[in-house]
Amino acid sequence: MQFLENVKVYAREYREFVVDTDKADPESLHIIAVREGMSQKPVSPEAVPKFEDTLNFSKDFNTAAVDLLLLALFVIVLLSGVYLAFVRVEV
């Protein structure tokens, strides 16, 4: 989920970069997504925004901690029920 959110943010940044670069060229027709309508000037590869997939450990840990806590509570309730059933039965 975090990767997909990072992809959406990058796509938005890239679109803004393309539009801003096209607006900077006075000879362009400013028609986005049409090759003949966009700027034909070369763009430096260093100027293109880079995609970065960052991991947020604290956010991932908090999400997993809630799931683990619920699982632990389920196991405690299940084991308590098994123990009570075992104590109640006479062998």
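Ranked by the mean number of other Cβ atoms within 10 Å of their residues, highest first, the peptides 11-19, 57-65 fall in the order 11-19, 57-65.
Put a plus charge on the Cβ of each Lys and Arg, a minus charge on the Cβ of each Asp and Glu, and nothing anywhere else: the dipole of the chain about its Cα centre is then about 280 debye.
What angle, in degrees between 0 and 90 and rounded to the nearest 10, separates the Cα long axis of helix 57-88 from the longest principal axis of the Cα atoms of the chain? Here the helix axis deviates by roughly 20 degrees. Seen against the Cα atoms of the chain and their longest principal axis, helix 2-23 is set at about 10 degrees. Legend: P(r) of region 1-54 from all alpha carbon pair distances, 10 Å bins from 0, whole percents, reading 24, 43, 25, 8, 0. When you restrict to C-alpha pairs under 8 Å that are six or more residues apart and normalise by the size of the chain, the relative contact order lands at 23 percent. Here are a few candidate values for Cα extents along the principal axes in Å: [x] 38, 27, 21; [y] 92, 23, 14; [z] 77, 32, 25. Which one was actually calculated from the structure I just gave you? It is the one labelled [y]. Straight-distance candidates among the lysines for linking to K50, with alpha-carbon spacing under 21 Å and chain neighbours fewer than 8 residues away dropped: K8, K23, K41. Positive end of the dipole of region 1-66 (Cβ unit charges, origin at the Cα centre): among Y14, A65, P49, the Cα lying farthest that way belongs to A65.
Around D20, with a cut-off of 15 angstrom between Cβ atoms, what is the net charge of the other residues, counting Lys and Arg +1 and Asp and Glu -1? Charge balance near D20 sits at 0.
None of the figures in this text is laboratory data; all of them are computed from the coordinates on show. What you see is a predicted model; the values in this text were computed from it and never measured. Here Cβ is always computed from backbone atoms with ideal geometry, including for glycine, and neighbour counts include all displayed protein chains.
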